[in-house]
Amino acid sequence: MHASPRPAPPDAPAAFAPDITVAALVARDGRLLMVEESVRGRRVLNQPAGHLEPGESLAAAAVRETLEETGWHVRLRHFVGAWLWTEPVEPRSWLRFVFAAEALSHDPARPLDAGILATRWMAPSELRRPDLPLRTPLVLVGMDAWLAGQRLPLSAVQYL
């Protein structure tokens, strides 16, 4: 017989629950696939990325988000890493799982997610410009790990 979990006391702090997100580093001809999006009225650049949906594996989420945001069908090749970041202005945290992917085919007629303004292929050096508005520091952190050769097998991240 299992005991029912006790409810938290009314004055107990809320459990830490970061947003779980995925991102895809899609490289082709020395450039990375990026999305230009509107976030809180600002135009920013990001890798194709988004939230994990209930019942979805991290790998499936990365493939889905890339298609929805760019129209590109991709095949994941490696797991690059996971990073936790807390926004300094707003008390909100993200746990981001980054994958390296290969571009397979593009569907230019596919409508892109709301908020996506454009897609661009950009050289990593372009993303370091100080005047370039990146969505979060996670954009460069994942890219830098990948550029440094950090590649783990896809089996490093499992869905049970």
Query raised in the report: Do the conditions hold for R92, that is, is it touching a strand residue (DSSP E or B) at 6+ places or on another chain (Cβ under 9 Å), without any contact (Cβ under 8 Å) to a residue 60 or more places away in the chain, under 14 Å from T21 (Cβ atoms) and of a type in the set (D, E, K, R)?
Result: no
Query raised in the report: Is there a residue in region 55-77 that is among the charged types (D, E, K, R) and over 29 Å from Q158 (Cα atoms)?
Result: no
**Report entry** Residues (of a type in the set (K, R) and under 14 Å from E102 (Cβ atoms)) located in region 14-63
**Finding:** R28, R31
Query raised in the report: Quick one: how many residues across region 102-160 are under 21 Å from P88 (Cα atoms) and touching a Gly at 6+ places or on another chain (Cβ under 9 Å)?
Result: 2
Query raised in the report: Quick check, is E36 closer than 18 Å to I116 by Cα, among the charged types (D, E, K, R), outside any strand (DSSP E or B) and in contact (Cβ under 8 Å) with a residue 12 or more places away in the chain?
Result: no
Query raised in the report: Somewhere in region 115-122, is a residue at pLDDT below 95, over 15 Å from L32 (Cβ atoms), within 12 Å of the chain's Cα centre (by Cα) and of a type outside the set (F, W, Y)?
Result: no
Query raised in the report: In region 130-160, how many residues are of a type in the set (F, W, Y) and either surrounded by 15 or more Cβ atoms within 10 Å (Cβ to Cβ) or at pLDDT 95 or above (or both)?
Result: 1
**Report entry** Residue satisfying all of: in region 61-103; among the basic types (K, R) and outside any strand (DSSP E or B); surrounded by the fewest Cβ atoms within 10 Å (Cβ to Cβ) among these
**Finding:** R92
Report task. Inspect region 139-160 for any residue being over 21 Å from E36 (Cα atoms), touching a helix residue (DSSP H, G or I) at 6+ places or on another chain (Cβ under 6 Å) and in a loop (DSSP other than H, G, I, E, B) and give the result as yes or no. Result -> yes
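The values are calculated or read from the model by the stated rules, or taken from the named source; none is laboratory data. These figures come from a predicted structure and were not determined experimentally. Every residue, glycine as well, gets a Cβ built from its backbone with ideal geometry; the counts of neighbours run over all protein chains shown.
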